[in-house]
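Working notes, beginning with the structure itself.
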Ligand SMILES: [Zn+2]
């Protein structure tokens, strides 16, 4: 396994006190070093504008390049230097996914995140859709599994009409960015290749385990991807203040282990998205990297929180909905 990272990613800032801060990667790196996992670290190969234009519009790129210290939304600032840093973040994902396509499982330790950036929109701390640019660059039949607690509206927007890229997105329902209903399942050739799995607030390990076993894995097997890439957001952790989902560290790691188990010949990449509790995010990343090495870490943030009792029913209804479309 390999980590793709560049220390210049720490230069990206919103403003003091903003949750999407350089401390996220600093804490993550420290944890990986402590666990003896910061070994094979590869710098990214820089992408070019042409790689971006396969996913985003020319207008989008022009707007990003213009900078100007403007607010894209109340939580996302576009600075003059954002273009270069967003390009670096996307490059980390591209390098990681290309390595994965060649059979080296990877973890892209990167920021700013990407999954809220669509063909022609930015926001939610995102400027370029890192994972989409990477999937496009790799050119394989790919399944994207988005585990970030927020719906990956940007990734959905980019692949909505495509049948060569499957997007499975599990997220908290009625939460930012308020998209990702199950009925939104792709269009044209892409019909059914977007699988949105909104879960009610208060769900945790058990409900997610059901979603993975009863829906995600059966659909993955039907699709038969050459490559699996994971939008790994850790903001569904019970320590994280940005959601009402209560996964714990082991819960996250187990989900990722199952996806590793579904990948063929090491063709899996994890790309960091959200996750704002510094140590919980670092711990989950360490657990996933340890799993790629066939070992385990001992989690500190592993409380079992009570779960919403409506979770299993919600999963059964989702399964019913997708059963007829996927034959699962
Ligand atoms: Zn998120």
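The rows are residues; the columns are (1) at pLDDT below 95; (2) assigned to a helix (DSSP H, G or I); (3) in contact with a helix residue (DSSP H, G or I) (Cβ under 7 Å, 6 or more places away or on another chain).
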site	(1), (2), (3)
8	no, yes, yes
15	no, no, no
19	no, no, no
24	no, yes, yes
28	no, yes, yes
37	no, no, yes
46	no, no, yes
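Screening the candidates 302, 308 for the property of being more than 18 Å from residue 201 (Cβ to Cβ) and in contact with a helix residue (DSSP H, G or I) (Cβ under 9 Å, 6 or more places away or on another chain) yields one hit, 302.
Quick check on my filter: what residues within the range 180-195 are surrounded by fewer than 20 Cβ atoms within 10 Å (Cβ to Cβ), touching a helix residue (DSSP H, G or I) at 6+ places or on another chain (Cβ under 8 Å), part of a loop (DSSP other than H, G, I, E, B) and free of Cβ contacts under 8 Å to residues at least 40 places away in the same chain? If the condition is that a residue be surrounded by fewer than 20 Cβ atoms within 10 Å (Cβ to Cβ), touching a helix residue (DSSP H, G or I) at 6+ places or on another chain (Cβ under 8 Å), part of a loop (DSSP other than H, G, I, E, B) and free of Cβ contacts under 8 Å to residues at least 40 places away in the same chain, then 184 is the only one that fits. Kindly indicate the residue of the range 217-252 that is assigned to a helix (DSSP H, G or I) and buried (at least 24 other Cβ atoms within 10 Å of the Cβ) and also nearest to the ligand (Cβ to nearest atom) among those meeting that condition. Step by step, filter the range 217-252, then rank; the result is 252. When the range 101-142 is limited to residues that are farther than 22 Å from residue 173 by Cα and in a strand (DSSP E or B), the one that is nearest to the ligand (Cβ to nearest atom) turns out to be 108. Checking each residue in the range 257-289 for being assigned to a helix (DSSP H, G or I), away from the ligand (no atom under 16 Å from the Cβ) and either free of Cβ contacts under 8 Å to residues at least 24 places away in the same chain or touching a strand residue (DSSP E or B) at 6+ places or on another chain (Cβ under 8 Å) (or both) picks out 259, 260, 261, 262, 288, 289. The set of residues in the range 143-179 that are assigned to a loop (DSSP other than H, G, I, E, B) and buried (at least 24 other Cβ atoms within 10 Å of the Cβ) comprises 147, 148, 149, 150, 151, 152.
Could you list all residues from the range 143-170 that are more than 11 Å from the chain's Cα centre (by Cα) and within 15 Å of the ligand (Cβ to nearest atom)? Once the filter is applied, which keeps residues that are more than 11 Å from the chain's Cα centre (by Cα) and within 15 Å of the ligand (Cβ to nearest atom), the range 143-170 yields 153, 154, 156.
The values are calculated or read from the model by the stated rules, or taken from the named source; none is laboratory data. Everything numeric here is computed off the predicted structure, so don't read it as measured data. Please note: Cβ atoms are built from the backbone with ideal geometry, for glycine as well, and neighbour counts cover all protein chains shown.
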